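The values are calculated or read from the model by the stated rules, or taken from the named source; none is laboratory data. The shown structure was predicted, so the numbers you read here are calculated from the model rather than taken from an experiment. Neighbour counts run over all protein chains shown; Cβ positions are idealised from the backbone, glycine included.
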Amino acid sequence: MHDAETTATTGGGIADRKAAALNAFKDLARDPGVPKPDPILVVDNVVRRFGGLTAVEVNHVEVQRGSITALIGPNGAGKTTFFNQLTGFDTADSGTWTFNGRPMNGVPAHKVARAGMVRTFQLTKALSRLTVLENMRLGAQQQKGENFWRALIPSFWRDQEEEITQRAEELLVRFKLDAKRDDFAGSLSGGQRKLLEMARALMVGPELVMLDEPMAGVNPALTQSLLGHVKDLREQGMTVLFVEHDMDMVRDISDWVIVMAQGAVIAEGPPSTIMSDERVIDAYLGAHHDAPLSESELEAQLQEAEAALEAEIHETEGTTPAPGSAPEPETAEERQK
Amino acid sequence: MEGHNPALTYFEGAPLRRAVIAFTAFLGGLIFLLAGPAHAGPAECQGLRGTLKLQGQPVNGAKIAVTTEGGQPVKEVTTNAEGTWDVQVDKPGKYKVTLDVSSLPQNAEVRGGNNVRTPTVYEGNCSTVLYALQAKGAANQQQQEGGESSPFWTQAAQLTFEGLNLGLIIALAALGLSLIYGTTGLTNFAHGELVTLGAILAYAFNIGFGLHLIPAAVIAVIVAGILGYLQDRLFWGQLRRRGTGTIAMMIISIGVALFLRYVFLIFFGGQTEAFAQYTAQPGIEIGPISAAPKNFVAMGIELVVLIVVGFALLRTRTGKAARAVADNPALAASSGINVDRVIRIIWTFGGAIAALAGIMLGLSQNLKYTMGQDILLLIFAGVTLGGLGTAFGALVGSLVVGLFIQVSTLWVPPELKSVGALAVLIIVLLVRPQGILGRRERIG
Amino acid sequence: MDWITIISTTIKAAVGVETVLYAIGAIGLNVHFGYTGLLNFGQAAFMGVAGYGLAVTVTVMGLPFWVGIFVGLVAAVILAILLGIPTLKLRADYLAIVTIAAAEIVRLIFRSVQFKSVFGGSDGQRGFSDGFYALNPYPEGEYGFNLGPVPLLFGHRTMWVLTVGWILIALFSFVVYLLMKSPWGRVLKAIREDEDAVRSLGKSVFSYKMQALVLGGVIGCFGGFIYGLGYASVQPDVFGTETTFYMYTMLILGGAARVLGPVLGSMIFWVLLVLFYNVMTEAVGAGLITFLDTNQVGAMRWILVGLGLILLLIFRPQGILGDKREIAIDARR
């Protein structure tokens, strides 16, 4: 579980990792579902329907180990739903996928996380009434003190707790949250919560980090630092799969891009050229400008907007921001959804 | 939820107000209309009467003795072939009625064991004295069932009818509860008290002011609607504005329920009462079903009200707005619906139809300060079965609950009938957590 | 007016049998609602199955007292598991409705004529507490002291119940304190905040909720034992939904998610209730209040409970001991 952490320092320089990742993608075809040299995640025929609406229908897709892969697509393309299927937060109607060769379909969310596949959420789920440090500690795995009987006798778990705390504090320093360690997470700004959520995910010791719109709702001033942290993950030997709308960011940090539209993977390719791909232009522009939106697409968009709005309301209502650190306004991107 | 832009409000006040008035007038007129024939039924009467039935069959030849409160004998009667008895008295007041248990059929006993009742006779009115009879032990019951198939089906039809009757009453109350839940997120534990309130208001106008039950009921429904409006205006709406969480509001509603329930106890007392009219109607038989005409009329009113409300939800602007708000308040607000106004209308209607449910419940059973509390769980069961927050789900769920409760008494002892219904609720949630008509939620 | 009696009963109410049994029930509820955010409205049922488990084992089956306690405990655990399986995967408001329904089912079965030979119908069961009082170390007599002219005395039987009760309160409070300081308690509190986040961090939310439900139920069931032993009887209607609601009032009054919140809440609740009731009854008896009769005074105090609950949640949802920033009350569904 802690491999990722340890390889962080032993691994080669930044350029090496990036070069290695880019090298792996060098001669790949740009077809959807193209096989990768060393895939960490392999997905086959995943289908998810809501009533009559097919939200996800992915035939085949692979994610290369040690790379930063972006998952992009127009609104309602089913990216978040696809994330939910893979991480066990929603049950797929059919399909199989393997993580490190291990079949993961039907595995409940907490076991997916334990296997080393950890996600974050589009709308941050900071545990508002726990302190920042408690949030971090919660991420650690195989805690002796999380067993009911051993919890009753502090001497069983105290040493481990100290170890965890030390690891948490190192991460907090890296994410520049150390000054906030004893504050309630609810008092953090939107961007700080994103950082906390990412740092907390790292406490799990993941091999594959799945970030659902890591930049959504983040103050532009924090964007660069967040980008740096995402790049860092690769340098530490982790694989990153992230959903993002902002093409600048995708171009900046990703090694490979997978494009989804209407639930299916329609194209793959390197970030520099993907946006000039015919199919991608069709998906982004054609669907929106030439042809009217299909009934199902409209519904998908509506549903996503509803879910986002609702969650947003709960989030903003449910927190008690400390004076002077109100959450940042959502980006235009977010509001538009 | 709040904080919408008033400029976005395009729902005009006038049509809404007209709709409310029209609806209330319609309701009132309806009750008057439907009550006409029923009123002709019982003639002028001052005394005590009742019907003895064992498993739907009349009990003939049971002896009943009526004395004054002081023990002065008034009259002894025996029940006729229809199982009815009737004692006219000269003076209003309290009387003591004793059922001679030894004169009952061998296999019958009084449920609860108490064979003495002390009803009050009001001037110019007949009070019904209730004796619930049951078979002694399960062995006798099986004999009867094994005998022929037709009594079973007769009983099944009868129970289905009674189940529909109960289900419709539950549906009236559940509709308001469900809409309030959908629009405000409030799981209102005080909704049962709104049902009681309706019954007690009608009772107050009926007995206290001496109005006939029908105008009394109309006034009670209107007053309850106004109180529903005020409740939201002065209390729940204020809490929402303060940003009180849904769970906090749920617990507050428990406080409100306790508060109201015991206020009712102080003003109404702990005894059971009946309305002045329609208490003792001789049953009529339609096919295999026998029931007092008031039950048919009540069901008619309930059905019509439910259909009108359902139609209003589907077709009128306010109704559509209400469903939109129930579905997603934020989205509704951003598309220009005045959410606060819709919620207030829902509270008004919810209060009014809950009150109507209470009156109907008081008509088919009796009035007690806990009547709403007693039915609250069944209302919740109906709402939950149908899917929390979906108006039509609440209707379906309530009918299922009502039917299940009554029909299950074919196999389950009546005292445990609610157990079956609640167990079904739990089992359905196991299989289909979102309820019958509910929608699955999305995550992320 | 008999002020001596009023003062005496009021002070005794701070530590009395009712305070003890409700405090224990509320400690269990605190684990459910305060720390884990589980809206359990069926806490009375846990007390009920325990009390009846004890009563039926001893009176109907003729087994010893300790077996009865064991049966009661097992019954509470089974009830928790039966309740948990269908409800713990549902949203909070569904859980509330299902637990309330389950509690009602339990109560209706206890009071049914059908099972009268086992549970004793609406009269309940009595005559099962001899085994408990046989262990009483207090010789016959009155215990306590006089506070000036005010006698504060308990009989030896009550003393024994109270001793056991307060030891249990201390024990359970300590257990809750230890657990909530531990990583185990941290997971519970995190579940209260956001289940999905906890899942994404590799914890089995269902398992922890079930553990919390069982723990709170088992703690609560001792409240049922204390009831049965303190009053030497169990009756079905004592374990109705209102009992659970009163426990919520106490919990919120004292402070949810605070170790001593439920204990303090129960003490204050009963002191206020007893004081109000005694003063009012005396006043009615002495003819000082003419617009109420004694029955209505009984109703008046529950009106005050309702009012108190409303005002508390509006103006001080964190209760007496709570930290406004860290209350479960405001957690959204």
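A few points about this structure:
- Check on A:GLY145, small (Gly, Ala, Ser), closer than 22 Å to A:LYS231 by Cβ and touching an Asp or Glu at 6+ places or on another chain (Cβ under 7 Å): no
- The listed residue being of a type in the set (D, E, K, R), at pLDDT below 95 and farther than 18 Å from C:ALA197 by Cβ, out of A:ARG119, A:ARG200, A:ARG174: A:ARG174
- For A:GLY88: the one exception among (1) within 14 Å of the chain's Cα centre (by Cα); (2) at positive phi; (3) away from chain C (no Cβ under 14 Å): (3)
- Inclusion of B:ILE359 among residues that are buried (at least 23 other Cβ atoms within 10 Å of the Cβ), part of a helix (DSSP H, G or I) and either more than 14 Å from chain A (Cβ to nearest Cβ) or modelled with pLDDT under 85 (or both) is warranted.
- Candidates in region B:228-259 are the residues that are surrounded by 19 or more Cβ atoms within 10 Å (Cβ to Cβ) and not in a helix (DSSP H, G or I); of these, the one that is nearest to the other protein chains (Cβ to nearest Cβ) is B:GLY245.
- Looking only at region A:146-171, and only at residues there that are among the aliphatic types (A, V, I, L, M) and under 28 Å from the mean Cα position of the chain (by Cα), the one that is nearest to C:VAL214 (Cα to Cα): A:ILE164
- Unique residue being in contact with a His (Cβ under 7 Å, 6 or more places away or on another chain) and either more than 10 Å from every other protein chain (Cβ to nearest Cβ) or surrounded by fewer than 24 Cβ atoms within 10 Å (Cβ to Cβ) (or both) when the list is C:LEU38, C:LEU108, C:LEU29: C:LEU38
- Take the conditions (1) more than 21 Å from A:ARG167 (Cα to Cα); (2) in contact with a strand residue (DSSP E or B) (Cβ under 6 Å, 6 or more places away or on another chain); (3) not charged (D, E, K, R); A:THR124 misses just one of them, which is (2).
- For A:LYS79, the conditions (1) within 21 Å of the chain's Cα centre (by Cα); (2) facing chain C (nearest Cβ under 8 Å) are fulfilled apart from (2).
- Residue match in region C:116-127 (condition: on the phi > 0 side of the Ramachandran plot, more than 14 Å from chain A (Cβ to nearest Cβ) and part of a helix (DSSP H, G or I)): yes
- Of all residue pairs spaced 6 or more apart or on separate chains, those with beta-carbon atoms under 7 Å, a first member in region C:81-97 that is more than 7 Å from chain B (Cβ to nearest Cβ) and over 18 Å from C:PHE245 (Cα atoms) and a second member that is small (Gly, Ala, Ser) and assigned to a helix (DSSP H, G or I) are C:LEU83/C:ALA102.
- Checking each residue in region C:222-237 for being closer than 18 Å to C:LEU73 by Cβ and hydroxyl-bearing (Ser, Thr, Tyr) picks out only C:TYR227.
Per-residue answers, yes or no, for (1) in a strand (DSSP E or B); (2) free of Cβ contacts under 8 Å to residues at least 40 places away in the same chain; (3) within 14 Å of chain A (Cβ to nearest Cβ); (4) at negative phi:
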{"position": "C:TYR143", "(1), (2), (3), (4)": "yes, yes, no, yes"}
{"position": "C:MET159", "(1), (2), (3), (4)": "no, yes, no, yes"}
{"position": "C:VAL164", "(1), (2), (3), (4)": "no, no, no, yes"}
{"position": "C:ILE169", "(1), (2), (3), (4)": "no, no, no, yes"}
{"position": "C:LEU178", "(1), (2), (3), (4)": "no, yes, yes, yes"}
{"position": "C:TRP184", "(1), (2), (3), (4)": "no, yes, yes, yes"}
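- Residues being in a helix (DSSP H, G or I) and among the aliphatic types (A, V, I, L, M) - total across region B:260-310: 15
- Residues in region C:125-154 that are of a type in the set (D, E, K, R) and over 17 Å from C:THR5 (Cα atoms): C:ARG126, C:ASP130, C:GLU140.
- Residue match in region C:303-314 (condition: surrounded by 20 or more Cβ atoms within 10 Å (Cβ to Cβ) and more than 18 Å from B:PHE189 (Cβ to Cβ)): no
- The number of residues in region A:136-157 that are touching a residue at least 12 places away in the same chain (Cβ under 8 Å) and at negative phi comes to 11.
- Answer from B:SER418, B:SER364, B:SER398 - the residue that is among the small types (Gly, Ala, Ser), within 19 Å of the chain's Cα centre (by Cα) and either outside the structural domain of B:PHE268 (by TED's automatic domain parsing) or surrounded by fewer than 22 Cβ atoms within 10 Å (Cβ to Cβ) (or both): B:SER364
- Test: residue in region B:276-283 that is surrounded by fewer than 18 Cβ atoms within 10 Å (Cβ to Cβ) and at pLDDT below 85: yes
- Criterion applied to A:VAL132, A:VAL218, A:VAL173 was being more than 9 Å from every other protein chain (Cβ to nearest Cβ), hydrophobic (A, V, I, L, M, F, W, C), without any contact (Cβ under 8 Å) to a residue 24 or more places away in the chain and more than 30 Å from A:SER94 (Cα to Cα), and the one residue passing it is A:VAL173.
- Residue satisfying condition, being facing another protein chain (nearest Cβ under 10 Å), surrounded by 20 or more Cβ atoms within 10 Å (Cβ to Cβ) and either at pLDDT below 80 or in contact with a His (Cβ under 6 Å, 6 or more places away or on another chain) (or both), within set B:LEU388, B:LEU430, B:LEU378: B:LEU388
- The condition of being among the aliphatic types (A, V, I, L, M) and not in a helix (DSSP H, G or I) holds for only one of C:LEU21, C:LEU38, C:LEU29, that being C:LEU38.
- Of the helices (runs of 4 or more DSSP H) contained entirely in region C:226-333, those carrying at least 2 residues that are closer than 26 Å to C:ALA101 by Cβ, within 13 Å of chain B (Cβ to nearest Cβ) and in contact with a helix residue (DSSP H, G or I) (Cβ under 6 Å, 6 or more places away or on another chain) fall at C:241-254, C:294-315.
- Count of region C:186-196 residues, restricted to those that are farther than 21 Å from A:ARG119 by Cβ and within 7 Å of another protein chain (Cβ to nearest Cβ), is 1.
- Within region B:181-221, considering residues that are under 24 Å from B:GLY387 (Cβ atoms) and of a type in the set (Phe, Trp, Tyr), the one nearest to the chain's Cα centre (by Cα): B:PHE189
- Odd one out for C:ALA190 among (1) free of Cβ contacts under 8 Å to residues at least 60 places away in the same chain; (2) farther than 22 Å from C:LEU21 by Cα; (3) surrounded by fewer than 20 Cβ atoms within 10 Å (Cβ to Cβ): (3)
- For B:ALA257, the requirement of being closer than 15 Å to B:TYR369 by Cβ and of a type in the set (Gly, Ala, Ser) is met.
- Within region B:200-214, considering residues that are in contact (Cβ under 8 Å) with a residue 24 or more places away in the chain and part of a helix (DSSP H, G or I), the one surrounded by the most Cβ atoms within 10 Å (Cβ to Cβ): B:ALA202
- Condition met for B:LEU437 (at negative phi and either modelled with pLDDT of 85 or more or at the interface with chain C (Cβ under 9 Å from one of its Cβ atoms) (or both)): no
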